[in-house]
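Readers should treat all values here as calculations from the given coordinates under stated rules, not as data from a laboratory. Every value quoted in this text rests on a predicted model; they were computed, and no experiment measured them. With ideal geometry, Cβ positions are generated from the backbone for all residues, glycine too; neighbour counts draw on all protein chains shown.
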Amino acid sequence: MTNKDAIKVLTELLTYCSATSLDAVNYTIAVLEKLEEQGVSEPLNTDFSKLNK
């Protein structure tokens, strides 16, 4: 699964989330979008030790 796939599903889930979960889901979407912008499309298969700091 890529970031784009996860973002799409999480965005759809926002409709069904309880109010107490919205912040966490929105945060997760923002993190995945930031990773995507930085060129990390599959974070679970990425060696982060090789990324520039």
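In table form, for the structure just shown:
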read-out: Per-region count, segment 4-30, residues β-branched (Val, Ile, Thr) and loosely packed, with under 12 Cβ neighbours inside 10 Å; value: 3
read-out: Residue within segment 40-48 that is loosely packed, with under 12 Cβ neighbours inside 10 Å and of a type in the set (S, T, N, Q) present; value: yes
read-out: GLU33 vs. criteria over 10 Å from the mean Cα position of the chain (by Cα) and either surrounded by 14 or more Cβ atoms within 10 Å (Cβ to Cβ) or not hydroxyl-bearing (Ser, Thr, Tyr) (or both); value: no
